[in-house]
Amino acid sequence: MTQIYISAQIPQKGVQLLKENGVTFEMYTGKDVIDQATLQQKVPEVEVLITPLSTTVDAAIIDAAPKLKLIANFGAGFNNIATDYAKEKGILVTNTPFVSTDATAELTAGLIISLSRRIVAGDHLMRTTGFSGWAPLFFLGHELKDKTLGIIGMGQIGQGVATRLKAFGMKIIYSQRHQLPKEVEETLGATYLTQAEVLAQADIISLHTPLTNGTYHLIDQTAFAQMKPGAFLVNASRGPIVSEADLITALQTEKIAGAALDVYEFEPKVSDTLKQMPQVILTPHIGNATVEARDAMAVIVANNALAILQNKKPDYIVNL
């Protein structure tokens with residue numbers, strides 16, 4: 001019997017751990033995301049399902065796996081899994097938090113710099129029409145020094161972004177449900193405000209909240225109306241936090257100056273309108289796409305799989 005099914009290829013560090021411990025497993029090796037019919041066929045006998053964020057594990061998949069004890073999600077998020085239904089069935093769900101922090105914070109910082117200095121647009125210009133030479137008013141961007149960065153969601157990744165951008169001389173303001181301890185605020189140089197105040201004051205807004213019922217379309221027409229004219233929006237958290245239709249309108253009407261997106265409301269589909277906007281940077285959900293982060297994630301899911309098979313408690317359970 002196959003004890004573990006892995007619904008996408010994971011780094012060899014995780015695979016090697018499973019091999020060294022003598023468990024039986026099968027790993028999907030297709031180039032595309034596994035389809036639901038194939039996944040449903042693979043899970044009836046397995047005790048552990050290791051799956052990435054791109055795979056939906058809904059009630060139908062769970063019902064097809066009567067022996068399932070653990071769904072080990074390869075990612076910090078877990079909105080792709082029917083966690084409450086899994087709990088009803090006595091199945092634990094785990095994720096891989098924290099190890100993505102540095103990678104995602106670095107990508108966010110890179111997107112902010114690229115937006116402000118028009119790096120992607122400059123690259124496109126040089127690969128197409130080129131330029132006639134240096135000129136005083138040519139291709140001007142903005143410096144980050146003395147600008148205000150507004151962070152919505154000051155968890156580990158938000159704090160990582162604050163640390164990096166503080167070094168650029170930015171003023172850091174943030175909002176979330178609970179204020180950070182004063183000593184943490186002092187270290188980050190961050191000021192706690194309401195979300196409305198952050199939206200109104202920030203030159204650049206960076207989103208770092210989880211996707212919940214309360215954060216779905218958190219940034220919508222009303223939020224865009226509160227932003228400073230010429231502000232930038234960066235989203236490397238979850239796509240549906242931003243209303244894509246309202247974002248397009250805000251960009252078309254020049255309510256905001258630009259956006260950088262690593263995640264999308266209808267992912268993996270991306271609006272053709274966004275693709276055609278030179279003031280928008282688009283990256284393919286690569287927030288934690290580093291060798292270091294993905295190796296660490298692979299070790300976590302493998303260790304959690306081994307723990308449950310040994311009747312031990314896995315780490316990072318999200319549905320207790």
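The values are calculated or read from the model by the stated rules, or taken from the named source; none is laboratory data. Please read all numbers here as calculations on a predicted model, not as lab measurements. Positions of Cβ are generated from backbone atoms using ideal geometry, with glycine treated the same way; all protein chains shown enter the neighbour counts.
Within the range 56-74, restricting attention to residues that are under 29 Å from P284 (Cα atoms) and surrounded by fewer than 23 Cβ atoms within 10 Å (Cβ to Cβ), the residue that is nearest to the chain's Cα centre (by Cα) is T56.
Checked against the criterion of being assigned by TED's automatic domain parsing to the domain that holds M277, among the hydroxyl-bearing types (S, T, Y) and over 22 Å from the mean Cα position of the chain (by Cα), the candidates T215, T187 yield just one match: T187. Any idea how many residues of the range 1-38 are among the aromatic types (F, W, Y) and either at pLDDT below 95 or not in a loop (DSSP other than H, G, I, E, B) (or both)? Summing the residues that are among the aromatic types (F, W, Y) and either at pLDDT below 95 or not in a loop (DSSP other than H, G, I, E, B) (or both) in the range 1-38 gives 2.
Please verify whether the range 75-85 includes one or more residues that are at pLDDT 95 or above, not assigned by TED's automatic domain parsing to the domain that holds A202 and not in a helix (DSSP H, G or I). There is at least one residue in the range 75-85 that is at pLDDT 95 or above, not assigned by TED's automatic domain parsing to the domain that holds A202 and not in a helix (DSSP H, G or I). The single condition among (1) buried (at least 17 other Cβ atoms within 10 Å of the Cβ); (2) over 23 Å from E143 (Cβ atoms); (3) not polar (S, T, N, Q) that K269 does not meet is (1).
So that you can scan it fast, the table gives a plain yes or no per residue for (1) buried (at least 18 other Cβ atoms within 10 Å of the Cβ); (2) within 13 Å of the chain's Cα centre (by Cα); (3) in contact (Cβ under 8 Å) with a residue 12 or more places away in the chain; (4) in a helix (DSSP H, G or I):
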| residue | (1), (2), (3), (4) |
| --- | --- |
| P210 | no, yes, yes, no |
| A225 | no, no, yes, yes |
| K228 | yes, no, yes, no |
| L233 | yes, no, yes, no |
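Of all residues in the range 18-31, those that are under 26 Å from the mean Cα position of the chain (by Cα) and surrounded by 15 or more Cβ atoms within 10 Å (Cβ to Cβ) total 2. Where strands (runs of 3 or more DSSP E) fall wholly inside the range 87-196, the ranges with 3 or more residues that are touching a Ser or Thr at 6+ places or on another chain (Cβ under 7 Å) and crowded, with 17+ Cβ neighbours inside 10 Å are 148-152, 171-175.
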